[in-house]
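The values are calculated or read from the model by the stated rules, or taken from the named source; none is laboratory data. Source: prediction; values computed, not measured. Heads up, the Cβs are rebuilt from the backbone with ideal geometry, glycines too, and the neighbour counts pull from every protein chain shown. To get the accessible areas, we keep the full protein, side chains included, count just its heavy atoms, and leave off ligands, DNA and RNA. Shrake-Rupley method; radii C 1.70, N 1.55, O 1.52, S 1.80 Å.
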Amino acid sequence: RELPKKIERSGINNYQVPMEKMAIETLGGSSGKIFKNLISLGVLGQLIGLDEKVIKKTLEDMFGRKGQEIVEKNIKACQMGAEII
């Protein structure tokens, strides 16, 4: 899908990331869409140069009490977003 002409600007990169679709298809059906925020974190982290190790550690700390499977899905979602850029 193209951006409307009225918001296009020269010298600016536009990234279209189908976060919800990616989350659903890769991370668990319709319930997987809850991971779209982590996909966006991966995209933004890559754009502004966040350290991947720091993000991973933060996700482990945040979701560790929910179990390793949840931690791994959140990390995977974040990595998916980072790989788009």
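A few notes on this one:
- Of all residue pairs spaced 6 or more apart or on separate chains, none has beta-carbon atoms under 6 Å together with a first member in region 1-21 that is touching a residue at least 60 places away in the same chain (Cβ under 8 Å) and a second member that is loosely packed, with under 10 Cβ neighbours inside 10 Å.
- Among the conditions (1) within 13 Å of the chain's Cα centre (by Cα); (2) under 21 Å from Asn13 (Cα atoms); (3) among the hydrophobic types (A, V, I, L, M, F, W, C); (4) modelled with pLDDT of 95 or more, Leu59 misses just one, which is (2).
- Scoring Ser30 on the criteria (1) without any contact (Cβ under 8 Å) to a residue 12 or more places away in the chain; (2) surrounded by 14 or more Cβ atoms within 10 Å (Cβ to Cβ); (3) assigned to a helix (DSSP H, G or I) leaves a single failure, condition (2).
- Top-ranked residue of region 43-81 - restricted to ones that are farther than 13 Å from Pro18 by Cα and among the small types (Gly, Ala, Ser), ranked as least open to solvent (accessible area, probe 1.4 Å): Gly45
- Count of region 34-79 residues which are in a loop (DSSP other than H, G, I, E, B) and among the charged types (D, E, K, R): 1
- Total residues in region 2-23, condition among the aliphatic types (A, V, I, L, M), outside any loop (DSSP other than H, G, I, E, B) and closer than 26 Å to Asn74 by Cβ: 3
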